Each structure stands twice: as structure tokens, then as C-alpha cells.
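As C-alpha cells, the structure follows; a few thoughts come after it.
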Amino acid sequence: VNLKLPIDEQDVDSLVREYLNAAAATVNVERLEREINLRLTESRVSTPAIAAPGLPRWRKVIGLASAWTTAAVVLIAISCAVYLSMQPEPAGAYALVTAAQHSMENGPDRCYRVEGHLPTAWLKTNPLYRAGQQATIWTRGNRYMASSDNGNVPIRWGQDEKRNFWFIAGDVGFSFRPGETPPILNRTRMFLSLNPRQLLNWLLKDFDLTIAKDRDGADPVVRVWAERKPESTQIMFDSAWIEIDPRSKLIRRFEVERTAGRRTAPFSLTFTFVEQDALPASQYQAESHLPAGGELFGPDQAAERDRRFREFVRAGRPVVGKIQEAPDKAPVDSQ
Amino acid sequence: LDGWIALALPGAVAYANSLVGDRTHAEDIVQECVCRLLVHAARYDLERDGRKLLFRSITNACINLQTRERKTVSLDDSGRSDGAGWEVADPAAVTPPAAAMAEELRLAIGEGLGTLGVRYRAALELTSLGYETTEIAEMLGVTAENVRVLVFRARKTMAAYLNARFSGDSSS
């Protein structure tokens, strides 16, 4: 970084170019290609050949060169991944959290136990919170599947590869496209998903990170303390503890907390790593969790789905288990 | 997928992210645009024009999203005035002071770009990526003269923002 002040207008282009190049370097091309292929497959659109048959020989040569280029890019990417995996453990808190985020986005399916201590107002209005404040979450990239069985009616909810949000209570299920999710469920979606992009991006952007406890002896875990920067406008939580295994970059435990403020109620959520495995992709889809004879209301029945959902919320089902409520010491922000 | 796509994807996502301020949206738009191009591949010479067509398609999709999407406050973005996502490259390979300075500069450029209107941002970024004025005009659906005006004003605003930011003047 060699910044000369004052910055001339003619320097802006190169700064913007460097900014875009740096952002481009964080893009996971392999994952994007997988997702594009998935979209093409699922929409039953076959990928047309880019070069039509009967093209001149020089075009075929270019096509062949292009295939070799792809192979070379993939090979370089694999080499880089191997090289990076052999690099020394990251020393700083930001580097460690960034590496953990990368590991989470690209690693195997991971299961976390989620325990919450939530404001009463959230519990009253949100059917997913009412199911209990303990859940188990399986995550893979931006997909997740959560279950809460500590009541009479088991609840499952999750997000599939197209970021459709779904939840199933008993024998009724609801499925929403990304833009359709009822506002009442947005907060649940954000927190209980343990969305690595969102939560860890917030930490990296809006929080001061410090290594509070370096590993000692047999315990390889590094504890990172995250405290909201004073100038940050992010209000969802104030502080967080993250426990990361510096070798595997695995997040072992993740606690976020918000203290009572002028317009906010306190809450805390704790994610504890349970196990990792390779789940079938279908586990992140609503259909896999719907009991026999159950009914799933999706985007193709949007009006009926929304009517049923409103009834479901109004009916207050399922009210199960003993809920541990956090005292509302301050006015509660609306859902 | 073809090689040109793999080569274009990182830059395309970075560009879309800068325009819409959200990495997930950006990836979604890029995937959608690539799919659309592939579906209609027979109409184009993608080996030659694919990258330009992709950026054009992304520009339109992002402008549509920015200008036509109903402005609502998502709880997912709650508390962020700009709603921007943030991706940080692994700084393990650089020294902490250099990483901190680079991050500060990257943050400032991102915020500076965020103060520009989406067309100004698109014009400036496409210029910095090496596109010709006429190509940008075609992508944005404006005249070449308009593009020059957009780029001129965007550069001026960015330079003023960055100078104020790094000279400690917080009034801008």
C-alpha cells in the first residue's frame, strides 16, 4: 500500500481497479461453477455447445485451448489450496476468522447445537422461537437445516441451495422464495442459520477482533473476542466469542450477545460444534422432512400459503416445552 | 463450463458486488446472467464477446435491482447504512501494518463507491476495468458523451472523498 496524498482524479481508476481485483481474489470460482451447473441442470436447460458444429478449424483449436485453460485454472486453484493448507497457522485474529470463514464455506456439512436466551417479545410473535430455544443446525455453505424437538410438535426449518426458506411444523410445511420470506421470520433466518457469510462478515467489518486466549498445552483452541467498533452502525449484537481450532480452522463455539440498549432488548445465542459429516443434499430440502400425508405450501400456492401461514402465526402453534425467557429491560425492537 | 466463464467469474462477482453492495445478491445475479448467456449461446459468439456480454447483462441486472427494487429494510442488513456485504482476503501472507493499511484503503474505496449513484459507479468501474467509452455507453444505454460526464464526475467525487477521508476531514 503506497498511498500518495492528495489523490489525483487520474489515480482513481487504478485505485478502483485494485479494489475490484482484491474483491475478485476472494471469489470461489469452483463453487460458483458448481452452482451455475446446478441451476442449469435443475431448470432442465441443457448447456448448449458454445461452438456450433461445423466451425472452422481455428475455432476448434481455440475451443481446445479453452478447455486446456480451464484445466490449467483448476490445477492452479488446487495447487493454491494445497499450498495454503500447508501455510503456517494464521497469527492474527482477523486472519484466523477469515480462514475459519473460508473453511466453513468450503468444508463438509457441520452440525452445531444452538442455545438461545431471547427476549419475550420475540417468543410471543415468532412461531420458530416458540418451539423452544434449543435447536440443532446442520450447515453447508449457505444451506442449512435446523430442527427443534424439545416440544410436542417437532419443527424443522432450513434453506436450500436456491436460498428458498422453508419450515415444517407437524404435518404442514411452508416454503418461500428468497424475496417472499415473511418479515417475522427474517431474524430467525439470520441468526439460526449460522450464516457464515453474514455473521462472520459482520465480525470482520464491524468488530474489533483480538485473540483473548492463545492455545495452551493440549487445548488447541484459540479464543477470539469480538467487540463492536464504536463507529459501527450494526445493531444486531454487541460482542461475540469465537473459539477456533487454528489448525483445522473449525469454529468450535460461537457466542453472540447483545446487551440491553435504549431501543433494544438483550439476547444471546450460543453455537456449539457437535459433529461433521457428509449429508445428502436432499436433507436441505423441505420435501425430505415432510411426514407422509403432510402438505407443503410453496410459491406455486402463494396466496393459500400466506393465508395458512397467517393462521398458523395467529393460532400460536406450537406452544411447547418450558421456555426460558430473558427479562425485557428495555423497549423491544419490533420483528 | 467454458474457460472464458471461469476467467470472467471473479471479476464479474466483484463488479456486481460493488454495484449492489451485497455479495449474496451479486453471486445470484452473476449466476443468473451466466445461465441466461449459456441458454442463448447459439445467438452469440461467446468466445469473442462473452465477457463483454456478461458485464453488460450484470450492469443491467444491478441497475434494475438498485433502481426498481422496493426499498425495504431487511433485518439481515439491519444497522448497516449502506447494506454492503464485506469480504476480506486472507491477510496471512502480509504484515499486520500493511494488512491494516490495505484494509483501511479498501474500506475507504468501497465506501466512496457507495456514495456514488449506481450509473456513476458502473461507468467508473467499467472504465477502470479497461472498457472503451463506446462499449460502456452501449452497456448503460446512454451516449458516449454521457459516459464521459459520468466518469468525470465519479472520479472527482471519489478523489474528494478519499482526500477528505485520509486527510482527517470527517465533514465529507
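The values are calculated or read from the model by the stated rules, or taken from the named source; none is laboratory data. Here the structure is a predicted model, which means the values were calculated and not measured. Ideal geometry is used to build each Cβ from the backbone, glycine not excepted, and the neighbour counts take in all protein chains shown.
Restricting attention to the range B:11-26, the residues that are more than 19 Å from A:L38 (Cβ to Cβ) and either over 17 Å from the mean Cα position of the chain (by Cα) or facing chain A (nearest Cβ under 7 Å) (or both) total 5. I'd like to know if the range B:67-83 contains one or more residues that are surrounded by fewer than 18 Cβ atoms within 10 Å (Cβ to Cβ), in a helix (DSSP H, G or I) and at pLDDT below 75. Yes, the range B:67-83 has at least one match. Filtering A:G173, A:G116, A:G179 for residues that are touching a Leu at 6+ places or on another chain (Cβ under 6 Å), at pLDDT below 80 and outside any loop (DSSP other than H, G, I, E, B) leaves a single hit, A:G116.
On the given criteria, is B:V142 at pLDDT 85 or above, part of a loop (DSSP other than H, G, I, E, B) and either surrounded by fewer than 17 Cβ atoms within 10 Å (Cβ to Cβ) or of a type in the set (K, R) (or both)?
yes
What residue, among those in the range A:290-308 that are among the hydrophobic types (A, V, I, L, M, F, W, C) and under 28 Å from the mean Cα position of the chain (by Cα), is nearest to A:V172 (Cα to Cα)? The extreme case among them is A:L296. Considering the conditions (1) hydroxyl-bearing (S, T, Y); (2) outside any loop (DSSP other than H, G, I, E, B); (3) farther than 30 Å from A:S232 by Cβ; (4) within 17 Å of the chain's Cα centre (by Cα), B:T134 is excluded by exactly one of them, (4). Could you run through the range B:31-50 and say how many residues are touching a residue at least 24 places away in the same chain (Cβ under 8 Å) and more than 7 Å from chain A (Cβ to nearest Cβ)? Result for the range B:31-50: 3. Based on what the data block shows, is A:L203 outside any strand (DSSP E or B), modelled with pLDDT under 60 and crowded, with 20+ Cβ neighbours inside 10 Å? Against the criterion (outside any strand (DSSP E or B), modelled with pLDDT under 60 and crowded, with 20+ Cβ neighbours inside 10 Å), A:L203 does not qualify. Scanning the range B:124-133 for residues that are over 16 Å from A:E18 (Cβ atoms) and in contact (Cβ under 8 Å) with a residue 24 or more places away in the chain yields a count of 1.
Might you check whether a residue that is surrounded by 15 or more Cβ atoms within 10 Å (Cβ to Cβ), modelled with pLDDT of 80 or more and not aromatic (F, W, Y) occurs anywhere in the range B:164-172? Scanning the range B:164-172, I find at least one residue that is surrounded by 15 or more Cβ atoms within 10 Å (Cβ to Cβ), modelled with pLDDT of 80 or more and not aromatic (F, W, Y), so the answer is yes.
Only a single item in (1) closer than 28 Å to A:E161 by Cα; (2) at pLDDT 80 or above is not met by A:P318, and it is number (2).
What are the residues in the range A:268-305 that are part of a helix (DSSP H, G or I) and either modelled with pLDDT under 85 or polar (S, T, N, Q) (or both), if any? The answer is A:S282, A:Q283, A:S288, A:Q301.
Restricting A:S46, A:S79 to those that are more than 7 Å from chain B (Cβ to nearest Cβ), at pLDDT below 70 and in a loop (DSSP other than H, G, I, E, B) reduces the list to A:S46. Checking each residue in the range B:134-161 for being free of Cβ contacts under 8 Å to residues at least 24 places away in the same chain and touching a Ser or Thr at 6+ places or on another chain (Cβ under 8 Å) picks out B:I136, B:A137, B:A144, B:R148, B:A160.
So, A:T210, is that one over 20 Å from the mean Cα position of the chain (by Cα) and modelled with pLDDT of 75 or more or not? The answer is yes for A:T210.
Counting only residues that are more than 7 Å from every other protein chain (Cβ to nearest Cβ) and more than 21 Å from the chain's Cα centre (by Cα), the range A:15-36 holds 2 of them.
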